[in-house]
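**Student:** Right, I'll just put the structure down here and ask away after.
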Amino acid sequence: MDQSTTGLYPKFHVHRNDGRDQPGGDRACTDYLVMDLTYDEHAVPAALAYADSCRDRYPQLADDIVAKVFAPQERSGDEFWSHRCVDWIRDGFDVRAWLEKYGFEYGYRMMEAEPDADLLFKTYHETKKLLHWIPTPPAGDGWMPIAIDDTDDGPVAAWIRKKVEA
């Protein structure tokens with residue numbers, strides 16, 4: 001099936017656990033949309049737009065959606081990796097301002113700043129893989145990795161944490 005031309009179709013059967021969408025319920029015949037936060041690059045900005053839209057009336061729901069999007073995620077693969085919260089971001093996007101909007105601060109660490117940088121670079125050049133690099137987080141508590149990538153300046157690890165009030 002070609003997803004680029006399929007459009008909406010009944011891929012999922014979704015129902016409320018409280019039964020309110022069943023025949024006779026006050027939400028009978030409700031339509032639902034399902035978003036795949038793990039693999040669909042469009043789902044994260046859509047979920048966050050929904051959180052922004054409902055925040056005034058449903059602040060807890062908005063907070064829960066933001067927490068779900070930014071929940072810790074295991075690093076996968078043996079080369080480069082990014083958390084689902086940043087998979088959709090493209091060049092030119094102001095990541096710092098966007099993260100700040102959701103109460104996060106951003107930090108990074110270049111592989112060259114690691115104490116064993118010479119060995120790390122040697123292994124990287126031999127294998128072209130970064131799995132052996134366990135990046136050191138920025139100073140302070142609460143940092144969560146969101147990306148490991150190679151840049152023009154060399155391999156870098158990006159981190160976020162909830163903003164620390166001074």
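**Student:** Restrict the check to segment 98-108 and report whether at least one residue is of a type in the set (A, V, I, L, M), in contact with a helix residue (DSSP H, G or I) (Cβ under 7 Å, 6 or more places away or on another chain) and at pLDDT below 95.
**Tutor:** no
**Student:** Related question: Under 7 Å between Cβ atoms, at least 6 apart or on separate chains: pull out the pairs that start in segment 143-166 with a residue that is within 22 Å of residue 117 (Cα to Cα) and end on any residue that is open to solvent by 80 Å² or more (accessible area, probe 1.4 Å) and of a type in the set (Phe, Trp, Tyr).
**Tutor:** As it stands, the answer is 148/80; 149/80; 150/80; 156/108; 157/108; 158/108; 159/108, since those pairs meet every condition given.
**Student:** From (1) over 15 Å from the mean Cα position of the chain (by Cα); (2) open to solvent by 30 Å² or more (accessible area, probe 1.4 Å), pick out the condition that doesn't hold for residue 156.
**Tutor:** (2)
**Student:** While we're on this one: Name the pairs whose Cβ atoms lie under 9 Å apart, with the first residue in segment 50-61 and among the acidic types (Asp, Glu), the second open to solvent by 100 Å² or more (accessible area, probe 1.4 Å) and at pLDDT below 95, and 6 or more positions between them or separate chains?
**Tutor:** Partner pairs satisfying both residue conditions: 52/101.
**Student:** Quick check on residue 21: is it open to solvent by 60 Å² or more (accessible area, probe 1.4 Å) and among the charged types (D, E, K, R)? If you could, list the steps in order and put the result at the bottom.
**Tutor:** On the way: open to solvent by 60 Å² or more (accessible area, probe 1.4 Å): no; among the charged types (D, E, K, R): yes.
When the stated conditions are applied, residue 21 does not pass them.
**Student:** Can you pull out every residue in segment 48-98 that is within 30 Å of residue 125 (Cα to Cα) and either of a type in the set (Asp, Glu) or part of a helix (DSSP H, G or I) (or both)?
**Tutor:** Of everything in segment 48-98, those that are within 30 Å of residue 125 (Cα to Cα) and either of a type in the set (Asp, Glu) or part of a helix (DSSP H, G or I) (or both) turn out to be 74, 78, 79, 87, 91, 95.
**Student:** Another one. Quick one: in segment 152-166, which of the residues that are in a strand (DSSP E or B) and among the aliphatic types (A, V, I, L, M) is farthest from residue 127 (Cα to Cα)? Please lay out each step first, then the result.
**Tutor:** Residues of segment 152-166 in a strand (DSSP E or B): 154-162.
Of the ones still in play, those that are also among the aliphatic types (A, V, I, L, M) are 156-158, 160.
Numbers: 156: 17, 157: 18, 158: 22, 160: 28 Å.
Checked segment 152-166; the qualifying residue farthest from residue 127 (Cα to Cα) is 160.
**Student:** So, in segment 37-51, of the ones that are within 12 Å of the chain's Cα centre (by Cα) and under 18 Å from residue 4 (Cβ atoms), which residue ends up least open to solvent (accessible area, probe 1.4 Å)? First the steps, then the outcome.
**Tutor:** Filtering segment 37-51 down to residues within 12 Å of the chain's Cα centre (by Cα) leaves 37-45, 47-48.
Then drop every residue that is not under 18 Å from residue 4 (Cβ atoms), which leaves 39-43.
Values: 39: 191, 40: 62, 41: 75, 42: 123, 43: 2 Å².
Applying the filter and picking the extreme gives 43.
**Student:** I've got another one for you. Would you check which residues across segment 99-150 are farther than 28 Å from residue 69 by Cβ, of a type outside the set (A, V, I, L, M, F, W, C), open to solvent by less than 60 Å² (accessible area, probe 1.4 Å) and not in a loop (DSSP other than H, G, I, E, B) and list them?
**Tutor:** 123, 124
**Student:** Among (1) surrounded by 12 or more Cβ atoms within 10 Å (Cβ to Cβ); (2) within 22 Å of residue 160 (Cβ to Cβ); (3) more than 16 Å from the chain's Cα centre (by Cα); (4) at pLDDT 95 or above, there is one condition residue 58 misses while meeting the rest; what is its number?
**Tutor:** Condition (2) is where residue 58 drops out.
The values are calculated or read from the model by the stated rules, or taken from the named source; none is laboratory data. Since the model is a prediction, treat every value here as computed from it, not as a measurement. For neighbour counting, all protein chains shown are included, and Cβ atoms are generated from backbone atoms with ideal geometry for every residue, glycine included. The protein model used for the area step is the full one, side chains on, heavy atoms only, and it has no ligands, DNA or RNA in it. Shrake-Rupley method; radii C 1.70, N 1.55, O 1.52, S 1.80 Å.
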